[in-house]
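The values are calculated or read from the model by the stated rules, or taken from the named source; none is laboratory data. For clarity, every value in this text was computed on a predicted model and none was experimentally measured. Positions of Cβ are backbone-derived with ideal geometry, glycine not excepted, and every protein chain shown enters the neighbour counts. We work out accessible area using only protein heavy atoms, side chains counted, and drop any ligands, DNA or RNA first. Shrake-Rupley method; radii C 1.70, N 1.55, O 1.52, S 1.80 Å.
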Amino acid sequence: MTIDMDSLSWLNGKPVCQGQSKVCPEDFIVKEQLGFDFTGSGEHFMVKIRKTGENTKYVVNELAKACGVKSRDVSWAGLKDRHAVTEQWLSVHLPGKADPDLTQFVAEHPGVEVLATDRHDKKLRPGDLAGNHFELRLTGLDNPQDLEARLKQIQQQGVPNYFGSQRFGHDGNNVVKARAWGNDEFRVRDKSKRSFYLSAARSWLFNLVVSQRIADGKAATLFAGDCVQQVGREDWQLVEQVTPEWQAKVDAGEWLITAPVTGDNALPSQGEVAAFEMAVIEQEPLLLKLIRDNRMRHERRPLMLCPADISWQLHADQLEVAFSLPAGCFATAVLRELIDEPEQKDGRYANFDQ
């Protein structure tokens, strides 16, 4: 049994406007937001690049050659997709060495521009990312008049904070493999495959809980036993009793209701909320078994995602929309609430919003 993203609930009903995104790289512009400043000195040479039609790891390898170091000496905060125009920082470990001349590097790679350089006392690591800013163009819209109202709803209510289909692999194969692994049909020794399958398993369970809560009309309502998360923080707090003050904080977007990114320990939610979450999670017993067998740590993730600084321009059959999302959130979650677009089978969405 594969997975079906269309089986997940929409916040405001399935879009009636069909259209296309990412027809060409220029339709999808991603600008990385690190969220901190560089020191201006240190062993690490920082390079801000804009790339078109190239993936991050290829550029890393080529930059390493240009700087006379090994690929492992070049690091990044987040991977960016090949099928987009993306801006991001890379760090090159160059202790005791001057800043290299990257003129030849740029000349040999027309899909790569160097926008800025700097120095820092620490290398970039995966996860050092605050978020991404997106500038998207949707084309071939057959019912554009539906979009204005949907955009205003997104601005006011946000969108379901689903993990995007790229998390689950081609045709959801990572979830299929995770179920088989959980059923002891094979062993997985490769670290990257283990990570992909476990991540897919936990992400799909999260999506199912969010979808059911939306279907029940309870996504914005706080209940006793809910775990809430303050904006900008990863820890959470149990709400033992719902008060008007607590609900007001949720309504104002100061605190966010969360759903489980399942681990092997007991859910931190309580009462009816915990019972509801477990009832959904237990619909996938093989995924739950896999997570428990691998002793995954329980986490929480907001049910809803509120794009920041959203703005748009609607033309005859095109929409230009811009917004920012925190790290780990998916621009496809926003697009899903806007247009009805057949799932892409060519990998156009791989890793673009990690």
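Filter the trypsin sites (Lys or Arg not before Pro) in segment 248-341 down to the DSSP loop ones having no more than 12 other Cβ atoms within 10 Å, then list what survives. Working shown, then result.
Working: sites: LYS249, LYS289, ARG292, ARG295, ARG297, ARG300, ARG336; in loops: ARG295, ARG297.
Here the trypsin sites (Lys or Arg not before Pro) that fit, given the DSSP loop and packing criteria, are ARG295, ARG297.
Using amide H atoms built in the peptide plane, which far-off residues or other-chain residues are under 5 Å from LEU303 H to H?
Those qualifying (amide H under 5 Å, at least 5 residues apart or on another chain) are ILE257, THR258, ALA259.
Working only with C-alpha atoms, what are the Rg and Dmax values of segment 163-305, expressed in angstrom?
Expressed in Å, the Cα Rg and Dmax of segment 163-305 come to 15.8, 51.
So how do GLU245, GLU277 rank on accessible area, 1.4 Å probe, biggest first, that is with the largest at the start?
GLU245, GLU277
Hey, if you put +1 on the Cβ of every Lys and Arg and -1 on every Asp and Glu Cβ in the chain, which of VAL69, PHE330, GLY158 ends up farthest toward the positive end of that dipole?
In the chain, that residue is VAL69.
Can you list the lysines whose alpha carbon is less than 19 Å from that of LYS80, not counting same-chain residues fewer than 8 positions off?
Cα-Cα hits under 19 Å: LYS22, LYS31, LYS48, LYS51, LYS57, LYS123, LYS345.
D for segment 55-110, whole µm²/s, Stokes-Einstein with Kirkwood Rh over alpha-carbon pairs at 10 °C and 1.306 mPa s: what number? All intermediate terms of the calculation are to be shown ahead of the outcome.
Details: Rh = 12.0 Å.
Rounded, D is 133 µm²/s.
What's the carbon and sulfur percent of segment 36-120's accessible surface, probe 1.4 angstrom, rounded to a whole number? Walk me through the numbers on the way to the answer.
Numbers: 1850 of 4030 Å².
Carbon and sulfur atoms account for 46 percent of the accessible area of segment 36-120.
Rounded to the nearest 500 deg cm²/dmol, what is the calculated helix-only ellipticity per residue at 222 nm for the chain, with -39500 (n - 2.57) per DSSP H run of length n ≥ 4?
Values: 9 runs with 98 residues, N = 354.
Using -39500 (n - 2.57) per qualifying helix, the result is -8500 deg cm²/dmol.
What list of ³J(HN,Hα) values in whole Hz, one per residue of segment 201-218 in order, does the Karplus curve 6.51 cos²θ - 1.76 cosθ + 1.60 (θ = phi - 60°) give from phi, with Gly and Pro shown as x?
4, 5, 5, 5, 4, 4, 4, 5, 5, 4, 4, 5, 5, 5, 4, 7, x, 10
With label points built 7 Å along Cα→Cβ from the Cα atoms of SER195 and ASP216, find their separation and express it in nm.
A separation of 3.4 nm, rounded to one decimal place.
For segment 17-136, report the convex hull volume of the alpha-carbon atoms normalised per residue, in Å³, without decimals. Kindly include the intermediate steps, with their values, before the conclusion.
Working: hull volume 11.9 nm³, N = 120.
It comes to 99 Å³ per residue, whole-number rounded.
Which option, (1) 22.7; (2) 20.6; (3) 21.8, is the value of Kirkwood radius over Cα pairs in Å that was calculated from these coordinates?
(3)
Given Cβ point charges of +1 (Lys, Arg) and -1 (Asp, Glu) and nothing else, what value in debye, to the nearest 20, does the dipole of segment 36-120 about its Cα centre take? Working shown, then result.
On the way: 11 positive and 12 negative charges, 52 e Å.
Using Cβ point charges on Lys, Arg, Asp and Glu, segment 36-120 gives about 260 debye.
Can you tell me the accessible area per residue over segment 36-120, all protein chains present, probe 1.4 angstrom, in square angstrom?
Values: 4030 Å² over 85 residues.
Normalised by residue count, the accessible surface of segment 36-120 is 47 Å².
Post the alpha-carbon centroid distance, segment 203-281 to segment 31-53, in whole angstrom.
About 36 Å separates the Cα centre of segment 203-281 from the one of segment 31-53.
Per-residue HN-Hα couplings for segment 219-228, Karplus 6.51 cos²θ - 1.76 cosθ + 1.60 at θ = phi - 60°, whole Hz, x for Gly and Pro?
5, 9, 9, 7, 10, 4, x, 6, 9, 10
Of all the accessible heavy-atom surface of segment 163-305, with the other protein chains kept in place and a 1.4 Å probe, what percent is carbon and sulfur?
Values: 3390 of 7180 Å².
Here it works out to 47 percent.
Using modelled amide H (1.01 Å from N, peptide plane; none on Pro or chain starts), what sits under 5 Å from the amide H of ASN12, excluding residues fewer than 5 places away?
Correct list: empty.
Using the Kirkwood radius over Cα pairs, work out the Stokes-Einstein diffusion coefficient for segment 188-237 at 20 °C and 1.002 mPa s, in µm²/s as a whole number.
Values: Rh = 13.3 Å.
For the chosen part, D equals 161 µm²/s.
Amide H to amide H under 5 Å from PHE330: which residues, 5+ apart in sequence or cross-chain, H placed 1.01 Å off N in plane?
Under 5 Å from the amide H of PHE330 lies no amide H from a residue far enough along the sequence or on another chain.
Would you mind getting the accessible area per residue of segment 163-305, heavy atoms of the protein chains only, 1.4 Å probe, in Å²?
Values: 7180 Å² over 143 residues.
For segment 163-305, the solvent-accessible area averages 50 Å² per residue.
Residue by residue through segment 142-154, which ³J(HN,Hα) values in whole Hz follow from phi under the Karplus form 6.51 cos²θ - 1.76 cosθ + 1.60 (θ = phi - 60°), with glycine and proline marked x?
These are the phi-based 3J(HN,Hα) values: 9, 8, x, 5, 6, 6, 4, 5, 5, 5, 5, 5, 5 Hz.
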